[in-house]
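The values are calculated or read from the model by the stated rules, or taken from the named source; none is laboratory data. Please read all numbers here as calculations on a predicted model, not as lab measurements. Positions of Cβ are generated from backbone atoms using ideal geometry, with glycine treated the same way; all protein chains shown enter the neighbour counts. Ligands, DNA and RNA are stripped out before the accessible areas are found, and what is left, the full protein with its side chains, is counted by its heavy atoms. Shrake-Rupley method; radii C 1.70, N 1.55, O 1.52, S 1.80 Å.
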Amino acid sequence: MVAPDQCVNVRPSAWRMRRPCPRSPGSVGRTTAPLTEERLASSVAQAGAQDVVADLPRGLDALLARGFSGGHELSGGQRQRLGIARAAYRRGQILIVDEPTAALDARAELEVFEKIRALAGSGQTVILITHRLASVRPADLVHVLDQGRLVESGTPDELLAVGGLYAELYSLQVEQFAAKVPAPDAG
């Protein structure tokens, strides 16, 4: 860490070198695991992020901060794919994802959830925080919070059968897709 009074003497290029890129151990987040090309490539493939990495100007060594010289900004979907690659690399026991598809289109959302389900299928516990209740249909267990309090717990089918808050909110979301869209006026 650099104290504020030391910043005057630090070259901007030295700061740029400290910014994370996908390959850096700080970016991956698990510094105890050796950072190997094989493990990185496997994680990127597991996340379906090969095209994201290929499109970056310096691949896994690209600077992911547009505000810096040579930096690159990722789209929401690209960020999510690299986030899944990081999770796959870490191989942690628990993965917590909070609204992972909020800024994604429907296709990208489906792809992200498929990758998250694959991590869960490999034995990783996934805690998904979401308002999109269709995305928790494959979940083993759902906890419903209301005003910060746990009000329901069960499988999605159990919660639908009970007819409580989960069922009410799920029905509201389903109705949005079932509603007929008025035809545009021809006039």
> Among the candidates 152, 99, 114, which residue alone is without any contact (Cβ under 8 Å) to a residue 60 or more places away in the chain and open to solvent by 60 Å² or more (accessible area, probe 1.4 Å)?
Replying inline: 114
> Looking only at segment 127-138, which residues are surrounded by fewer than 17 Cβ atoms within 10 Å (Cβ to Cβ) and either within 23 Å of residue 89 (Cβ to Cβ) or without any contact (Cβ under 8 Å) to a residue 24 or more places away in the chain (or both)?
Replying inline: 127, 129, 137, 138
> Can you pull out the residues in segment 129-168 that are under 24 Å from residue 111 (Cα atoms) and among the aliphatic types (A, V, I, L, M)?
Replying inline: 129, 133, 134, 136, 139, 141, 142
> Tally time: how many residues in segment 59-77 are open to solvent by 40 Å² or more (accessible area, probe 1.4 Å) and either of a type in the set (Lys, Arg) or in contact (Cβ under 8 Å) with a residue 12 or more places away in the chain (or both)?
Replying inline: 7
>> So for segment 168-186 (the condition being free of Cβ contacts under 8 Å to residues at least 60 places away in the same chain and either within 22 Å of residue 45 (Cα to Cα) or open to solvent by less than 30 Å² (accessible area, probe 1.4 Å) (or both)), does at least one residue qualify?
In response: no
